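Let me begin by presenting the structure, written as C-alpha coordinates, before commenting on it.
The values are calculated or read from the model by the stated rules, or taken from the named source; none is laboratory data. Because the structure is predicted, anything quoted here is derived from the model rather than measured. Here Cβ is always computed from backbone atoms with ideal geometry, including for glycine, and neighbour counts include all displayed protein chains. Keep in mind that these areas ignore ligands, DNA and RNA; they rest on the heavy atoms of the full protein, side chains included. Shrake-Rupley method; radii C 1.70, N 1.55, O 1.52, S 1.80 Å.
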Amino acid sequence: MSSDIANHAAIRVEGVYAAYQRQPVLSDINLDFPRGRWTAIVGPNGAGKSTLFRVLTGSMSPLKGELSAFGERIFHARRAGRIAYMAQREAIEWDFPISVWDTVMTGRFGHMREDPLWQRLAPSRFVHSRHTEAVRSALADVDMLDFADRHISALSGGQKKRVLLARCLAQSADILLLDEPLAGVDPPSEALILEVLAGQRKAGRTVIMVTHDMPGARRYVDHVVLINRTVRGTGSPEDMLSDARLATLAVGSSDDDLQD
Ligand SMILES: Nc1ncnc2c1ncn2[C@@H]1O[C@H](COP(=O)(O)OP(=O)(O)OP(=O)(O)O)[C@@H](O)[C@H]1O
(Lines give C-alpha, C1' and ligand atoms only; values in the text may rest on other atoms or scores of the structure.)
Protein backbone atom coordinates (compact mmCIF):
# COMPACT_ATOMS: atom_id res chain seq x y z
CA MET A 1 0.00 0.00 0.00
CA SER A 2 1.49 3.39 -0.93
CA SER A 3 1.98 5.94 1.85
CA ASP A 4 -0.45 8.21 0.01
CA ILE A 5 -3.24 5.66 0.40
CA ALA A 6 -2.13 4.86 3.96
CA ASN A 7 -2.49 8.53 4.90
CA HIS A 8 -5.99 8.98 3.54
CA ALA A 9 -8.83 9.77 5.86
CA ALA A 10 -10.67 6.64 6.91
CA ILE A 11 -13.83 8.23 5.54
CA ARG A 12 -14.18 11.45 3.54
CA VAL A 13 -17.59 13.07 3.07
CA GLU A 14 -17.84 15.80 0.43
CA GLY A 15 -20.83 18.02 -0.19
CA VAL A 16 -23.41 15.52 1.04
CA TYR A 17 -27.09 16.41 1.18
CA ALA A 18 -29.81 14.05 2.45
CA ALA A 19 -33.58 14.29 2.83
CA TYR A 20 -36.63 12.23 3.81
CA GLN A 21 -39.60 12.66 1.48
CA ARG A 22 -37.95 15.82 0.12
CA GLN A 23 -37.65 17.21 3.66
CA PRO A 24 -33.98 18.25 3.96
CA VAL A 25 -32.06 16.80 6.91
CA LEU A 26 -28.37 17.07 6.02
CA SER A 27 -26.95 19.99 4.11
CA ASP A 28 -23.51 20.33 2.52
CA ILE A 29 -21.72 17.94 4.88
CA ASN A 30 -17.95 18.04 4.41
CA LEU A 31 -15.92 15.89 6.79
CA ASP A 32 -12.76 13.87 7.15
CA PHE A 33 -12.83 11.11 9.74
CA PRO A 34 -9.16 10.63 10.64
CA ARG A 35 -7.77 7.17 10.24
CA GLY A 36 -6.93 5.24 13.41
CA ARG A 37 -8.57 7.85 15.63
CA TRP A 38 -11.70 7.88 17.77
CA THR A 39 -14.24 10.48 16.66
CA ALA A 40 -17.38 11.51 18.54
CA ILE A 41 -20.28 12.95 16.57
CA VAL A 42 -22.21 15.29 18.84
CA GLY A 43 -25.43 17.18 18.21
CA PRO A 44 -28.93 17.72 19.61
CA ASN A 45 -31.87 15.35 19.02
CA GLY A 46 -32.96 15.47 15.41
CA ALA A 47 -29.63 16.94 14.25
CA GLY A 48 -29.23 14.25 11.58
CA LYS A 49 -26.57 12.11 13.25
CA SER A 50 -28.29 8.78 12.59
CA THR A 51 -29.10 9.96 9.08
CA LEU A 52 -25.41 10.60 8.48
CA PHE A 53 -24.69 7.02 9.59
CA ARG A 54 -27.39 5.72 7.25
CA VAL A 55 -25.64 7.53 4.43
CA LEU A 56 -22.23 6.18 5.49
CA THR A 57 -23.47 2.58 5.71
CA GLY A 58 -25.30 2.86 2.39
CA SER A 59 -28.78 2.17 3.76
CA MET A 60 -29.77 5.64 2.53
CA SER A 61 -28.61 7.35 -0.66
CA PRO A 62 -27.57 10.99 -0.43
CA LEU A 63 -29.30 13.47 -2.73
CA LYS A 64 -25.85 14.52 -3.83
CA GLY A 65 -22.26 14.44 -2.67
CA GLU A 66 -19.35 12.03 -2.61
CA LEU A 67 -18.23 9.46 -0.05
CA SER A 68 -14.88 7.74 0.02
CA ALA A 69 -13.06 5.40 2.39
CA PHE A 70 -9.29 4.93 2.41
CA GLY A 71 -9.07 7.02 -0.75
CA GLU A 72 -11.48 4.88 -2.79
CA ARG A 73 -15.21 5.03 -3.38
CA ILE A 74 -16.86 3.94 -0.14
CA PHE A 75 -18.65 1.14 -1.97
CA HIS A 76 -15.37 -0.82 -2.07
CA ALA A 77 -14.83 -0.60 1.71
CA ARG A 78 -18.43 -1.62 2.38
CA ARG A 79 -18.16 -4.51 -0.03
CA ALA A 80 -14.87 -5.68 1.52
CA GLY A 81 -16.42 -5.67 5.02
CA ARG A 82 -14.14 -2.86 6.18
CA ILE A 83 -16.99 -0.89 7.78
CA ALA A 84 -18.89 -2.32 10.75
CA TYR A 85 -22.02 -0.73 12.14
CA MET A 86 -23.66 -0.84 15.55
CA ALA A 87 -27.27 0.32 15.32
CA GLN A 88 -29.23 1.90 18.12
CA ARG A 89 -30.91 -0.70 20.33
CA GLU A 90 -34.34 0.36 19.11
CA ALA A 91 -33.45 -0.65 15.54
CA ILE A 92 -33.48 -4.38 16.41
CA GLU A 93 -36.45 -6.73 16.81
CA TRP A 94 -35.57 -8.22 20.18
CA ASP A 95 -38.44 -10.76 20.22
CA PHE A 96 -37.05 -12.48 17.13
CA PRO A 97 -36.21 -16.08 18.22
CA ILE A 98 -32.44 -16.08 17.96
CA SER A 99 -29.64 -16.67 20.46
CA VAL A 100 -26.90 -14.25 21.46
CA TRP A 101 -24.35 -16.45 19.65
CA ASP A 102 -26.29 -16.49 16.37
CA THR A 103 -26.92 -12.74 16.58
CA VAL A 104 -23.20 -12.06 16.84
CA MET A 105 -22.55 -14.59 14.06
CA THR A 106 -24.63 -12.41 11.71
CA GLY A 107 -21.71 -9.97 11.93
CA ARG A 108 -19.64 -12.58 10.04
CA PHE A 109 -22.01 -12.98 7.10
CA GLY A 110 -20.08 -10.48 4.94
CA HIS A 111 -16.86 -12.49 5.42
CA MET A 112 -18.61 -15.80 4.69
CA ARG A 113 -18.81 -14.75 1.05
CA GLU A 114 -15.11 -15.64 0.87
CA ASP A 115 -15.68 -19.21 2.17
CA PRO A 116 -15.79 -22.22 -0.20
CA LEU A 117 -19.25 -22.95 -1.58
CA TRP A 118 -19.64 -26.23 0.35
CA GLN A 119 -19.06 -24.39 3.60
CA ARG A 120 -21.57 -21.66 2.78
CA LEU A 121 -24.23 -24.25 1.95
CA ALA A 122 -23.43 -26.56 4.86
CA PRO A 123 -25.24 -26.58 8.19
CA SER A 124 -24.06 -24.06 10.74
CA ARG A 125 -21.87 -26.60 12.57
CA PHE A 126 -19.55 -26.60 9.56
CA VAL A 127 -18.99 -22.87 9.74
CA HIS A 128 -15.29 -22.11 9.34
CA SER A 129 -13.45 -21.86 12.66
CA ARG A 130 -12.31 -18.30 11.87
CA HIS A 131 -15.95 -17.24 12.20
CA THR A 132 -16.57 -19.12 15.44
CA GLU A 133 -13.32 -17.73 16.84
CA ALA A 134 -14.29 -14.17 15.88
CA VAL A 135 -17.69 -14.59 17.57
CA ARG A 136 -16.17 -16.14 20.69
CA SER A 137 -13.56 -13.42 20.96
CA ALA A 138 -16.12 -10.62 20.45
CA LEU A 139 -18.42 -12.06 23.13
CA ALA A 140 -15.47 -12.43 25.50
CA ASP A 141 -14.45 -8.80 24.87
CA VAL A 142 -17.86 -7.56 26.03
CA ASP A 143 -18.04 -10.11 28.87
CA MET A 144 -21.06 -11.91 27.38
CA LEU A 145 -19.66 -15.35 26.61
CA ASP A 146 -21.70 -16.90 29.43
CA PHE A 147 -24.87 -15.65 27.72
CA ALA A 148 -24.05 -17.14 24.31
CA ASP A 149 -26.99 -19.58 24.30
CA ARG A 150 -29.50 -17.20 25.75
CA HIS A 151 -32.40 -15.88 23.68
CA ILE A 152 -31.86 -12.19 22.91
CA SER A 153 -35.29 -11.30 24.33
CA ALA A 154 -34.05 -12.40 27.77
CA LEU A 155 -31.35 -9.73 28.08
CA SER A 156 -31.24 -6.50 30.03
CA GLY A 157 -30.80 -3.19 28.20
CA GLY A 158 -27.08 -3.04 28.96
CA GLN A 159 -26.61 -6.65 27.86
CA LYS A 160 -28.38 -5.92 24.57
CA LYS A 161 -25.95 -3.08 23.95
CA ARG A 162 -23.04 -5.41 24.61
CA VAL A 163 -24.40 -7.97 22.15
CA LEU A 164 -24.78 -5.29 19.48
CA LEU A 165 -21.21 -4.18 20.15
CA ALA A 166 -20.01 -7.80 19.95
CA ARG A 167 -21.72 -8.20 16.57
CA CYS A 168 -19.92 -5.07 15.40
CA LEU A 169 -16.55 -6.33 16.72
CA ALA A 170 -17.09 -9.74 15.11
CA GLN A 171 -17.05 -8.07 11.72
CA SER A 172 -13.27 -7.51 12.13
CA ALA A 173 -13.64 -4.24 10.27
CA ASP A 174 -11.20 -1.32 9.99
CA ILE A 175 -13.89 1.26 10.73
CA LEU A 176 -16.48 0.94 13.49
CA LEU A 177 -19.59 3.12 13.23
CA LEU A 178 -21.48 3.13 16.52
CA ASP A 179 -24.81 4.89 16.95
CA GLU A 180 -25.13 5.86 20.62
CA PRO A 181 -23.27 2.85 22.07
CA LEU A 182 -23.49 4.38 25.56
CA ALA A 183 -27.19 5.29 25.62
CA GLY A 184 -29.26 3.62 28.33
CA VAL A 185 -26.47 1.54 29.87
CA ASP A 186 -25.47 1.40 33.53
CA PRO A 187 -22.07 2.79 34.63
CA PRO A 188 -20.26 -0.60 34.64
CA SER A 189 -21.48 -1.37 31.10
CA GLU A 190 -20.55 2.13 29.98
CA ALA A 191 -17.04 1.74 31.41
CA LEU A 192 -16.68 -1.65 29.71
CA ILE A 193 -17.88 -0.34 26.33
CA LEU A 194 -15.51 2.65 26.51
CA GLU A 195 -12.59 0.37 27.38
CA VAL A 196 -13.45 -2.02 24.53
CA LEU A 197 -13.53 0.90 22.10
CA ALA A 198 -10.26 2.26 23.49
CA GLY A 199 -8.77 -1.19 22.78
CA GLN A 200 -10.11 -1.10 19.22
CA ARG A 201 -8.50 2.27 18.60
CA LYS A 202 -5.24 1.05 20.12
CA ALA A 203 -5.36 -1.86 17.67
CA GLY A 204 -5.41 0.71 14.83
CA ARG A 205 -9.14 0.73 14.07
CA THR A 206 -11.02 3.93 13.29
CA VAL A 207 -13.87 4.42 15.76
CA ILE A 208 -16.71 6.82 14.96
CA MET A 209 -19.52 7.08 17.48
CA VAL A 210 -22.58 9.20 17.99
CA THR A 211 -22.89 10.14 21.63
CA HIS A 212 -24.69 12.40 24.05
CA ASP A 213 -22.25 11.41 26.80
CA MET A 214 -20.01 14.45 27.15
CA PRO A 215 -17.89 13.22 30.10
CA GLY A 216 -17.13 9.97 28.26
CA ALA A 217 -16.32 11.83 25.04
CA ARG A 218 -14.10 14.36 26.80
CA ARG A 219 -12.17 11.58 28.47
CA TYR A 220 -11.73 9.15 25.58
CA VAL A 221 -12.06 10.54 22.07
CA ASP A 222 -9.38 12.24 19.93
CA HIS A 223 -11.59 14.14 17.57
CA VAL A 224 -15.08 15.69 17.68
CA VAL A 225 -17.58 16.58 14.97
CA LEU A 226 -20.36 18.95 15.98
CA ILE A 227 -23.40 18.57 13.79
CA ASN A 228 -26.81 20.14 13.56
CA ARG A 229 -28.15 19.44 10.08
CA THR A 230 -24.79 20.67 8.81
CA VAL A 231 -21.27 20.61 10.26
CA ARG A 232 -20.97 23.13 13.09
CA GLY A 233 -17.36 22.43 13.99
CA THR A 234 -14.59 19.85 13.99
CA GLY A 235 -11.56 19.62 16.25
CA SER A 236 -10.20 18.47 19.56
CA PRO A 237 -12.48 17.49 22.47
CA GLU A 238 -11.06 20.43 24.47
CA ASP A 239 -12.15 22.95 21.82
CA MET A 240 -15.39 21.34 20.63
CA LEU A 241 -16.85 20.13 23.92
CA SER A 242 -16.47 23.29 25.98
CA ASP A 243 -19.76 24.40 27.54
CA ALA A 244 -19.66 27.63 25.51
CA ARG A 245 -19.18 25.76 22.24
CA LEU A 246 -21.91 23.23 22.99
CA ALA A 247 -24.31 26.04 23.88
CA THR A 248 -24.00 27.43 20.34
CA LEU A 249 -24.72 24.05 18.76
CA ALA A 250 -28.50 24.23 18.85
CA VAL A 251 -28.49 27.68 17.25
CA GLY A 252 -29.17 28.04 13.55
CA SER A 253 -30.69 24.61 13.00
CA SER A 254 -34.10 25.51 11.65
CA ASP A 255 -35.21 23.85 8.45
CA ASP A 256 -34.95 27.26 6.74
CA ASP A 257 -31.17 26.97 7.07
CA LEU A 258 -31.23 23.79 5.06
CA GLN A 259 -32.66 25.09 1.83
CA ASP A 260 -29.93 24.92 -0.77
N1 LIG B 1 -37.30 7.48 8.38
C2 LIG B 1 -37.54 8.80 8.51
N3 LIG B 1 -38.52 9.39 7.79
C4 LIG B 1 -38.75 10.72 7.89
N5 LIG B 1 -38.05 11.55 8.70
C6 LIG B 1 -37.07 11.01 9.44
C7 LIG B 1 -36.76 9.61 9.39
N8 LIG B 1 -35.74 9.37 10.23
C9 LIG B 1 -35.42 10.55 10.80
N10 LIG B 1 -36.22 11.54 10.33
C11 LIG B 1 -36.14 12.96 10.68
O12 LIG B 1 -34.87 13.43 10.28
C13 LIG B 1 -34.34 14.32 11.26
C14 LIG B 1 -32.98 13.80 11.73
O15 LIG B 1 -33.20 12.55 12.39
P16 LIG B 1 -31.98 11.68 12.93
O17 LIG B 1 -32.56 10.44 13.51
O18 LIG B 1 -30.95 11.55 11.87
O19 LIG B 1 -31.43 12.64 14.09
P20 LIG B 1 -30.41 12.31 15.28
O21 LIG B 1 -29.43 13.43 15.32
O22 LIG B 1 -29.84 10.93 15.13
O23 LIG B 1 -31.38 12.40 16.54
P24 LIG B 1 -31.32 11.67 17.98
O25 LIG B 1 -30.18 12.29 18.76
O26 LIG B 1 -32.66 12.04 18.56
O27 LIG B 1 -31.16 10.18 17.74
C28 LIG B 1 -35.39 14.43 12.37
O29 LIG B 1 -36.17 15.59 12.13
C30 LIG B 1 -36.22 13.17 12.18
O31 LIG B 1 -37.55 13.38 12.59
Check: Looking only at the stretch 5-62, which residues are under 13 Å from the mean Cα position of the chain (by Cα), among the hydroxyl-bearing types (Ser, Thr, Tyr) and over 17 Å from ARG73 (Cα atoms)?
Finding: THR39, SER50, THR51
Item checked: Lone unmet requirement of (1) open to solvent by 50 Å² or more (accessible area, probe 1.4 Å); (2) within 16 Å of the ligand (Cβ to nearest atom); (3) more than 16 Å from the chain's Cα centre (by Cα) for HIS212 -> (3)
Next item on the list: Please go through the stretch 215-229 and pick out each residue that is surrounded by 19 or more Cβ atoms within 10 Å (Cβ to Cβ) and over 18 Å from the mean Cα position of the chain (by Cα).
Entry: ASN228, ARG229
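Looking at the stretch 179-210 only, could you name the residues that are in a helix (DSSP H, G or I) and touching a Phe, Trp or Tyr at 6+ places or on another chain (Cβ under 7 Å)? Write out each step before concluding.
Applying the first criterion (in a helix (DSSP H, G or I)) to the stretch 179-210 yields 187-202.
LEU194, LEU197, ALA198, ARG201 - these are the residues of the stretch 179-210 that are in a helix (DSSP H, G or I) and touching a Phe, Trp or Tyr at 6+ places or on another chain (Cβ under 7 Å).
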Next item on the list: Output the number of residues of the stretch 215-241 satisfying the condition of being within 15 Å of the ligand (Cβ to nearest atom) and either in a helix (DSSP H, G or I) or among the acidic types (Asp, Glu) (or both).
Entry: 1
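Taking into account only those residues within the stretch 41-82 that are of a type in the set (Phe, Trp, Tyr) and more than 15 Å from the ligand (Cβ to nearest atom), which is nearest to HIS8 (Cα to Cα)? Lay out the reasoning, then the answer.
Taking the stretch 41-82 first, the residues of a type in the set (Phe, Trp, Tyr) are 53, 70, 75.
Next cut, more than 15 Å from the ligand (Cβ to nearest atom) only: 70, 75.
Details: PHE70: 5, PHE75: 16 Å.
Per the criteria, the residue is PHE70.
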Notebook entry, point to check: Which numbered condition trips up ASP179, out of (1) among the acidic types (Asp, Glu); (2) surrounded by fewer than 23 Cβ atoms within 10 Å (Cβ to Cβ); (3) touching a helix residue (DSSP H, G or I) at 6+ places or on another chain (Cβ under 6 Å)?
Noted result: (2)
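Determine if the stretch 112-132 includes at least one residue that is farther than 28 Å from ASP213 by Cα, acidic (Asp, Glu) and at pLDDT 95 or above. Working first, answer last.
Of the residues in the stretch 112-132, the ones farther than 28 Å from ASP213 by Cα are 112-132.
From what's left, acidic (Asp, Glu): 114-115.
Next cut, at pLDDT 95 or above only: none.
No, every residue in the stretch 112-132 fails to be farther than 28 Å from ASP213 by Cα, acidic (Asp, Glu) and at pLDDT 95 or above.
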Notebook entry, point to check: Out of (1) out of contact with any Cys (no Cβ under 9 Å at 6 or more places or on another chain); (2) outside any helix (DSSP H, G or I); (3) modelled with pLDDT of 95 or more; (4) more than 16 Å from the ligand (Cβ to nearest atom), what's the single condition that is false for SER172?
Noted result: (3)
